[in-house]
Amino acid sequence: MPAHPLRVAVVCSSNQNRSMEAHNILSKRGFDVRSFGTGTHVKLPGPAPDKPNIYDFKTTYEQMYNDLVRKDKELYTQNGILHMLDRNKRIKTRPERFQSCKDQFDLVITCEERVYDQVLEDLNSREQETFQPVHVINVDIQDNHEEATLGAFLICELCQCIQHTDDMENEIDELLQEFEDKSHRPFLHTVCFY
């Protein structure tokens, strides 16, 4: 078992739904967890598919919530966005971009392959200083409320199993294969170094 609690980052595109649901569940289970997005802006569904609500990463969840209440409280209540933002603002103040964080993690879990590629590109572009390994794992999760919840429990179970391994470096590939077989989802895995 690792000498310290597993330092986990969960990353999706806008740090709103999938990463925040996993952040919520992992923090309740005692993990040292942070969540991030990799997009250039935060995008939330709007009144039509081609009219999303776009915010800067500096915008707080409270500000997004108030803006959407002002725009159309009924629509954003019905589609669950206000409920999601209410959960988010209880966890942290605002979304964060992974590329802006220089903290080190043992495990970075991404929620879609495009985000996985962006995380790897960022980690590989950084100057290696400590040569500490970071395992980057992708678990494809559709960006809707139900899948975010199911995906968060899968991520939590995976983190619990990794936390309890005697030798993470040598056991992680076998563990991921077991999770692939059990969940019927493909997992991507790469090791980078800080």
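What is the chain's relative contact order, in percent, from Cα pairs under 8 angstrom and six or more apart in sequence?
Value for the chain: 28 percent.
Suppose all protein chains stay in the model; what accessible area per residue would a 1.4 Å probe give for segment 42-91, in Å²?
Ligands and nucleic acids excluded, the figure is 61 Å² per residue.
Jot down the per residue volume, in cubic angstrom and as a whole number, of the convex hull over the alpha-carbon atoms of the chain.
Numbers: hull volume 22.0 nm³, N = 194.
Spelled out: Cα convex hull of the chain, divided by residues, is 113 Å³.
What accessible area, in Å² to the nearest ten, does a 1.4 Å probe give for K102?
Accessible area of K102: about 130 Å².
Rounded to two decimals, what is Rg over Rh for segment 42-91 when you use alpha-carbon atoms and the Kirkwood radius?
Using Cα coordinates only, the ratio equals 0.93.
Could you state the per residue volume, in Å³, of the convex hull enclosing the Cα atoms of segment 1-90?
Considering the Cα atoms of segment 1-90, their hull volume per residue is 102 Å³.
At q = 0.14 Å⁻¹, what base-10 log of I(q)/I(0) does the Debye formula yield for segment 93-158 when every alpha carbon is treated as an equal point scatterer in vacuo?
The Debye formula, applied to the Cα set alone, gives -0.48.
So if we plug the beta-carbon distance of Q78 and R29 into 1/(1 + (r/R0)^6) with R0 = 30 Å, what FRET efficiency do we get, rounded to 0.05?
0.45
Would you look at the GNM of the chain, springs on alpha carbons closer than 10 Å, and say which of R126, R70, R94 moves the most?
Greatest mean-square fluctuation among the candidates belongs to R70.
Taking the simple approach of a point 7 Å from Cα along Cα-to-Cβ for both I54 and D117, what is their distance in nm?
My value for the distance between the label points is 2.0 nm.
If the elastic network links every pair of Cα atoms under 10 Å, which of E146, E21, E174 fluctuates the most in the Gaussian network model of the chain?
Among E146, E21, E174, the largest GNM mean-square fluctuation belongs to E174.
Amide H of T110: which non-local residues (sequence gap of 5 or more, or other chain) have their own amide H closer than 5 Å, using H built in the peptide plane?
V11, I137, N138, V139
Lys and Arg at +1, Asp and Glu at -1: add these up for the other residues within a Cβ distance under 9 Å of R18 and post the number. Don't skip to the end; give the middle numbers.
Working: positive: none; negative: E21, E112, D143, E147.
Neighbourhood net charge equals -4.
Quick one: angle between helix 168-183 and the longest Cα principal axis of the chain, in degrees between 0 and 90, rounded to 10, please.
For 168-183 against the chain, the angle is about 50 degrees.
Measure off 7 Å from each Cα along the Cα-to-Cβ vector at L188 and T165, then give the distance between these two points in nanometres to one decimal.
Going by the 7 Å Cα→Cβ label model, 1.9 nm.
Return a single number: how many Lys pairs in the chain, at a sequence separation of 8 or more or on separate chains, have alpha-carbon atoms below 29 angstrom apart.
Final tally of qualifying lysine pairs is 28.
The values are calculated or read from the model by the stated rules, or taken from the named source; none is laboratory data. Here the structure is a predicted model, which means the values were calculated and not measured. Using ideal geometry, Cβ is built from the backbone for each residue, glycine included, and neighbour counts are taken over all protein chains shown. Side chains included, ligands, DNA and RNA excluded: accessible areas come from the protein's heavy atoms. Shrake-Rupley method; radii C 1.70, N 1.55, O 1.52, S 1.80 Å.
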